[in-house]
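First comes the structure, then the notes that go with it.
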Amino acid sequence: MSFVEDFRRLQLKKPRIALQFSQSENSEYTNYAFKNKNCYLVFGSHYNEDCYHLQYCYADRDCVDCDRTDKSELCYECVFCSSLYNCNYCFNCFTCSDCEFGFDLVNCRHCFLSAGLRNVEYHILNKPVPREMYAQEVARLKSTHTVKQFLAELEKIRALVPQVATIQKNCENCMGSYLENSKNCFNCYQLTNGEDCLYMRSMAHHVKDSVDCDQIGYDPSELLYECIGNSGNVNCNFCYASWHNHDLEYCEHVFNSHHCFGCISRNHAEYEILNVKYSKDEWFKKVALIKDELRAKGQYGKWLLPSTYPYEDTIAPLYFS
């Protein structure tokens, strides 16, 4: 029997993880989550505290209903933001405080229903307002408008200000959008703290020297190729939902391990092939033979197995129709 057939048989035999979270406190109803505390319905998010209904958020506190918002506190309904304090309904905003219904705000304070502003405070509808009148005017507007109306008005304001071609913050020599604190990245999207990467999409954090990856978590990773749902990995290829490893290839749900090839559902493993342990010398020889077999069939360097999860049980429809 070939390696691919053995690998598929092992994949179908091993149980799937229902909820993948680790080192969290009072945060049982989370998935793809790490080191959260007092969190509920938090997904793909790490190092958050006292939050609920988050997706792909990092180091937030007391936040609700946020998506791709990092290092923020007391925020509600914010999307692709970082370093916010006490902000609601903000989109693509950075280093702001006490702002509501904002789009593309940077270093702003006390701004309401505004877009495209930089380094200002006490603005409503993109116009300055005296400090002593700001709270009163915001209260008046809130008494006569619904959230839905405010969001519709924000869309009108967005149309009146210049729109950036790509959304980048503190980036150097990068091509792509929704990038922050990154350098030398090409065709990357939703990447934060990345360096020397190609073709990264749909959330990646703290990753270097990697290509063709998706959903890379918040603990630093490097030297990844064709990996999905990884965090804290080094020198790993074709790995799915595996955290804190090094020197893996073709692995699924492997944690705190190294030098594994074709392994599934392992923890603290080393020098294993298809979940069978070898000596160090035997492992390198066996892996070389398997790679020769795969190359001869034109299979090495490609994903070998389909997913075990039915399409309708995943969130894939959010990204692909």
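The values are calculated or read from the model by the stated rules, or taken from the named source; none is laboratory data. Keep in mind it's a predicted model, so treat the numbers as computed, not measured. All Cβ positions, even for glycine, are placed from backbone atoms using ideal geometry, and neighbour counts span all protein chains on display.
Take the conditions over 15 Å from Val4 (Cα atoms), out of contact with any Cys (no Cβ under 9 Å at 6 or more places or on another chain), in a loop (DSSP other than H, G, I, E, B) and of a type in the set (Ser, Thr, Tyr) and apply them to Tyr309. Does it pass? Explain how you work it out, then say what you get.
On the way: over 15 Å from Val4 (Cα atoms): yes; out of contact with any Cys (no Cβ under 9 Å at 6 or more places or on another chain): yes; in a loop (DSSP other than H, G, I, E, B): yes; of a type in the set (Ser, Thr, Tyr): yes.
When the stated conditions are applied, Tyr309 passes them.
Out of the residues in segment 312-321 that are assigned to a loop (DSSP other than H, G, I, E, B) and not hydroxyl-bearing (Ser, Thr, Tyr), which is surrounded by the fewest Cβ atoms within 10 Å (Cβ to Cβ)? So that I can check it myself, show each step before the final result.
At the first step, the residues of segment 312-321 found to be assigned to a loop (DSSP other than H, G, I, E, B) are 314-315, 319-321.
Within this subset, residues satisfying the condition of being not hydroxyl-bearing (Ser, Thr, Tyr) are 315, 320.
Working: Ile315: 9, Phe320: 6.
Checked segment 312-321; the qualifying residue surrounded by the fewest Cβ atoms within 10 Å (Cβ to Cβ) is Phe320.
Only residues that are within 18 Å of Tyr240 (Cα to Cα) and either outside the structural domain of Glu249 (by TED's automatic domain parsing) or within 28 Å of the chain's Cα centre (by Cα) (or both) were counted across segment 268-318, and they come to 19. Within segment 163-217, the set of residues being at pLDDT below 90 and in a loop (DSSP other than H, G, I, E, B) comprises Gln163, Val164, Ala165, Thr166, Ile167, Gly217.
Residues of segment 213-231 that are on the phi > 0 side of the Ramachandran plot and surrounded by fewer than 21 Cβ atoms within 10 Å (Cβ to Cβ): Leu223, Glu226, Gly229. If I filter segment 5-23 for residues that are among the hydroxyl-bearing types (Ser, Thr, Tyr), in contact with a strand residue (DSSP E or B) (Cβ under 6 Å, 6 or more places away or on another chain) and over 16 Å from Ile315 (Cα atoms), do I get at least one hit? The answer is yes, given that some residue of segment 5-23 is among the hydroxyl-bearing types (Ser, Thr, Tyr), in contact with a strand residue (DSSP E or B) (Cβ under 6 Å, 6 or more places away or on another chain) and over 16 Å from Ile315 (Cα atoms).
The rows are residues; the columns are (1) assigned by TED's automatic domain parsing to the domain that holds Glu155; (2) at negative phi; (3) of a type in the set (Asp, Glu).
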{"residue": "Ala59", "(1), (2), (3)": "yes, no, no"}
{"residue": "Cys63", "(1), (2), (3)": "yes, yes, no"}
{"residue": "Glu100", "(1), (2), (3)": "yes, yes, yes"}
{"residue": "Cys108", "(1), (2), (3)": "yes, yes, no"}
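Note on segment 98-131: residues that are out of contact with any His (no Cβ under 8 Å at 6 or more places or on another chain) and part of a strand (DSSP E or B) total 12.
Condition check ((1) buried (at least 17 other Cβ atoms within 10 Å of the Cβ); (2) closer than 30 Å to Glu293 by Cβ; (3) more than 15 Å from the chain's Cα centre (by Cα)) across all residues:
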site	(1), (2), (3)
Gln11	yes, yes, yes
Phe21	yes, no, no
Ser24	yes, no, yes
Ala33	yes, no, no
Lys37	no, no, yes
Cys57	yes, no, no
Leu84	yes, no, yes
Cys93	yes, no, yes
Asp98	yes, no, yes
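Pairing residues of segment 86-115 that are more than 22 Å from Thr166 (Cβ to Cβ) with residues that are among the basic types (Lys, Arg) and surrounded by fewer than 24 Cβ atoms within 10 Å (Cβ to Cβ), at Cβ distances under 6 Å and at least 6 apart in sequence or on separate chains, gives Ser97/Arg109; Asp98/Arg109.
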